[in-house]
């Protein structure tokens, strides 16, 4: 018989908006799941490319941290795109192009990421997430409706939180695919 699970998302304590807190809860859950899925990935696997010009797991992990900082800074943080770019170095110790993305068709991953272990990438995501929590914790339900503009479009704060979650989840899938690809490509059959 199929086991029925009662799964209820409970807003975390300490957030002025339950809805905003739920976005952070969901993002934390996706992060936990990603970390469980790649806990055994080696530095060589983090730097492996299917072919030149394509992303590595490590590049995608850096990208997740950069994007989270960018959207929190430009949305709830009220910073301009240029100011958010400067925040990468201050918060994460890397520039906006530290993930190497997008790579040119024949490019290798950034040399600065090669040989880094999972702890390095987890640390970047932790810093970005801690900042997200600090900012989002103070948001009210009314703040979720607040609009802001970038040179590309107008957004609401609610969309920003949604986008960070859906962006993370999309790259989570890409990372899982790369993990399977690297293992298939580097495993020898006896």
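The values are calculated or read from the model by the stated rules, or taken from the named source; none is laboratory data. Just so it is clear, the model here is predicted, and its values are computed rather than measured. Quick reminder, even Gly has a Cβ in these numbers, built from the backbone with ideal geometry, and neighbours come from all protein chains shown.
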Selection within the stretch 164-190 - loosely packed, with under 15 Cβ neighbours inside 10 Å and more than 21 Å from residue 102 (Cβ to Cβ): 180, 183, 184, 185, 186, 187, 188, 189, 190
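If we keep just the residues of the stretch 69-87 that are modelled with pLDDT of 85 or more and buried (at least 24 other Cβ atoms within 10 Å of the Cβ), which is farthest from residue 118 (Cα to Cα)? Break it down into steps so the answer makes sense when it comes.
So in the stretch 69-87, the residues modelled with pLDDT of 85 or more come out as 69-73, 87.
So of that shortlist, the ones also buried (at least 24 other Cβ atoms within 10 Å of the Cβ) come out as 69, 72.
Working: 69: 19, 72: 24 Å.
Of everything passing the filter in the stretch 69-87, 72 is farthest from residue 118 (Cα to Cα).
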Here are the criteria: (1) surrounded by 14 or more Cβ atoms within 10 Å (Cβ to Cβ); (2) under 20 Å from residue 136 (Cα atoms); (3) within 18 Å of the chain's Cα centre (by Cα); (4) modelled with pLDDT under 95. Tell me which single one residue 96 does not satisfy. (2)
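Going by the conditions given, is residue 161 surrounded by 11 or more Cβ atoms within 10 Å (Cβ to Cβ) and in contact with a helix residue (DSSP H, G or I) (Cβ under 8 Å, 6 or more places away or on another chain)? Walk me through how you get there before you give the answer.
Details: surrounded by 11 or more Cβ atoms within 10 Å (Cβ to Cβ): yes; in contact with a helix residue (DSSP H, G or I) (Cβ under 8 Å, 6 or more places away or on another chain): yes.
Yes: the conditions hold for residue 161.
Would you say residue 144 is farther than 24 Å from residue 41 by Cα and touching a helix residue (DSSP H, G or I) at 6+ places or on another chain (Cβ under 6 Å)? Can you show your working first?
Working: farther than 24 Å from residue 41 by Cα: yes; touching a helix residue (DSSP H, G or I) at 6+ places or on another chain (Cβ under 6 Å): yes.
Considered against the rule, which asks whether it is farther than 24 Å from residue 41 by Cα and touching a helix residue (DSSP H, G or I) at 6+ places or on another chain (Cβ under 6 Å), residue 144 comes out as yes.
Does residue 146 fit the bill of being in contact with a strand residue (DSSP E or B) (Cβ under 8 Å, 6 or more places away or on another chain), farther than 23 Å from residue 91 by Cα and modelled with pLDDT under 95?
Answer is yes for this residue.
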Run down 161, 177, 108, 103 and say which single residue is part of a helix (DSSP H, G or I) and in contact (Cβ under 8 Å) with a residue 12 or more places away in the chain. 161
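When only residues in the stretch 42-59 that are over 13 Å from residue 114 (Cα atoms) and touching a residue at least 40 places away in the same chain (Cβ under 8 Å) count, which is surrounded by the most Cβ atoms within 10 Å (Cβ to Cβ)? Before the answer, list the steps.
Here is the first cut: in the stretch 42-59, the residues over 13 Å from residue 114 (Cα atoms) are 50-54.
Those left that are additionally touching a residue at least 40 places away in the same chain (Cβ under 8 Å): 50, 52-54.
Working: 50: 13, 52: 12, 53: 13, 54: 15.
Result: 54.
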Out of all the residues in the stretch 14-41, which are without any contact (Cβ under 8 Å) to a residue 12 or more places away in the chain and in a loop (DSSP other than H, G, I, E, B)? 40
Mind counting the residues in the stretch 121-158 that are in contact (Cβ under 8 Å) with a residue 12 or more places away in the chain and surrounded by fewer than 12 Cβ atoms within 10 Å (Cβ to Cβ)? 2
